[in-house]
Amino acid sequence: MSIYIAVPAYQGTVTVQHHICMQSVCQLLTAHNIKFFCNYAVSGSALSAERNQLYAQFLKSDYEFLFWIDADEAFAEIENFLEVYLLCKEVKVVAGLSPTRPHNSNFWAVTFAKDKKENFVRHPQHPKLIKAESIGMAFFMMYRGICERVVQKNPHRLYTDRKYGKCHDLFSSERIGEAYLREDQRFCKHLIDAGVDIWVYPDLTFCHTGMHSRVGNYENFLKEARNV
């Protein structure tokens, strides 16, 4: 059992809230004898490059799971991280949902899969999980076999990085048809094209710290919306 924690940090900046959160995560993993490694990568305007490099470094390691979290993100329910990890062992990809606007807004960086009646698609064994087609990667955990599958499906995206050697360009922003996809949206499309389901764990309270700080829990958001 092992987790490679990949953190793109814009200009090397890490928020206090993120540091406190990750300190608690590391204590939790240590208490449960789960091996982990944290890799903080200084990123600039070329976030796609840093994500490609972190992805390549993970694949060169022997860690079982890759966990992405942004350096300006933190979450409150530290004990739920262990549940996310255990779910990921079964469903292979689990993401958290951080708000992109204040909590009273109806804007979250996600596109959910819907059934014929336009309802959420829930996991049959784990109904808390909601299926997504695209989601931001502020909190995103993946099983190693899935990471390898995406690389195998995209041999034409192989390139040589001057510092890290062989990498795959999986996170570039790209126009597909009439849509222009951000780097995280593009990676989600790689997952979907590889036949991989993306599952959202909604019950995490996120704190994004920056020019426009915001706090939100999508599970609570859904409950409030039902009561309107």
The summed charge of the Cys207 Cβ neighbourhood (under 13 Å; Lys/Arg +1, Asp/Glu -1) stands at -3
Can you sort Glu148, Glu178 by how many other beta carbons sit within 10 Å, fewest first? Glu178, Glu148
Please report Cys167, Cys21, Cys26 as a ranked list, fewest other C-beta atoms within 10 angstrom at the top and most at the bottom. Cys26, Cys21, Cys167
Too long for a 21 Å Cα-Cα cut-off, among Lys92/Lys153; Lys153/Lys189; Lys35/Lys128; Lys89/Lys117; Lys89/Lys128; Lys89/Lys166, are Lys35/Lys128; Lys89/Lys117; Lys89/Lys166
Order of Ile192, Ile198 under a 10 Å beta carbon neighbour criterion, fewest first: Ile192, Ile198
What's the local net charge at Tyr10, with K and R +1, D and E -1, over the other residues with C-beta under 14 Å away? -4
Report the paramagnetic label zone for Arg157: residues of region 179-193 whose backbone N is under 13 Å from a point 7 Å from Cα along the Cα-to-Cβ axis. 181-193
Full-extension gain in nm, Glu148 to Leu86, via 0.36 nm per residue minus C-alpha separation: 20.3 nm
State, as an integer percentage, the relative contact order of the chain based on alpha-carbon contacts under 8 Å between residues 6 or more apart. 25
Here the averaged projected area of region 52-180, based on the convex hull of its alpha-carbon atoms and given in nm², is 10.6
Per the rule of 0.36 nm per residue minus the C-alpha distance, extending Lys116 to Val215 adds in nm 32.4 nm
Would you list which aspartates and glutamates come within 13 Å of Lys223, measuring only between C-alpha atoms, while excluding same-chain residues fewer than 8 positions from it? Asp203
For the chain, what number results from the quotient of the Cα radius of gyration and 2.2 N^0.38 Å? 0.98
So, over other residues within a Cβ distance under 14 Å of Asp161, counting Lys, Arg +1 and Asp, Glu -1, the net charge is +4
Expressed in nm², what is the orientationally averaged projection area of the convex hull enclosing the Cα positions of region 127-175? 5.3
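Laboratory data are not the source of any read-out in this text; all were calculated from the coordinates shown. Computed from a predicted model, the values in this text were never measured in an experiment. When we count neighbours, we look across all protein chains shown, and the Cβ atoms used for this are built from the backbone with ideal geometry, even at glycine.
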